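Read the structure below first, then the notes.
The values are calculated or read from the model by the stated rules, or taken from the named source; none is laboratory data. None of these values were measured; they are calculated from a predicted model. Here Cβ is always computed from backbone atoms with ideal geometry, including for glycine, and neighbour counts include all displayed protein chains.
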Amino acid sequence: MAVSFKPALISTLFLAMTLSVGAASANALNENFDGGVPSGWTAVNNSVPLGTTSWFQGSPAVFSSQQGAANSYVAANFNNGAGISTISDWLILPTSTYRNGDTLSFYTRTVDEPNYADRLEVRFSNVGGTNVGSTATSVGTFSSLLLSVNPDLDVDGYPNAWTQYSVTLSGLSGATNGAFAFHYTVPSGGPSGDNSDYIGIDTVSISAVPEPSTYLMLGAGLGLVGLARQRKAKAA
């Protein structure tokens, strides 16, 4: 018995494929910080001695955002600590499901003419949550260091113009509930320290790779479309 594929079935198939691709990007994120620290993100300041600020809405008086309104970025600075301080200020993204190949990208910069060194880390926890420990040197479950901007704490080592950085996840055993975190970590910082000035972060995005089921759906769909065309040609 000949099998025919009606246009309605083909349309339904393509709709299912489209929805599947959309679902594969469920963990994708785009954040421009129009309202400061976003809802669902967590700021934890473990600096010692503790200062008067944590992550805050960026100030156009220092520099403007990478895009959007002039103040639409988040910032951290020397006031995260007090006196001579070991600064350890965390900005933790919400827990989500990640896979190998998922990519986090963002822009960051310091002041136009830096006189004090800054440093920023990007870390990942493969269990998610917000456990960064309780000391200025602890990292809790965020033990995976993915990137360090200005690791050697050079005065001119942190970019003084908006610069994009990206990190890509690898080594995961499969779909993993995890979390990214930005870590402003500066020894001998604070208002009286030799290090720490002011940094901003803007335009954070996460690009999620498609789930394996998406590829299976796409392959099956293309196969059925090809079969339908073949049978239509035979009928003709």
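Mind listing whichever residues of the stretch 55-64 are over 13 Å from Ile199 (Cβ atoms) and assigned to a loop (DSSP other than H, G, I, E, B)?
Correct list: Pro60, Ala61, Ser64.
Can we say Gly128 is small (Gly, Ala, Ser), within 22 Å of the chain's Cα centre (by Cα), within 28 Å of Ser72 (Cβ to Cβ) and outside any strand (DSSP E or B)?
yes
Determine which member of the set Tyr107, Tyr116, Tyr165, Tyr184 is surrounded by 15 or more Cβ atoms within 10 Å (Cβ to Cβ) and assigned to a loop (DSSP other than H, G, I, E, B).
Answer to the check: Tyr116.
On the given criteria, is Val155 at pLDDT 95 or above, closer than 30 Å to Asn177 by Cβ and aliphatic (A, V, I, L, M)?
No, not satisfied.
Just to verify a result, which residue in the stretch 1-54, among those that are β-branched (Val, Ile, Thr) and in a loop (DSSP other than H, G, I, E, B), is modelled with the lowest pLDDT?
Selected residue: Val3.
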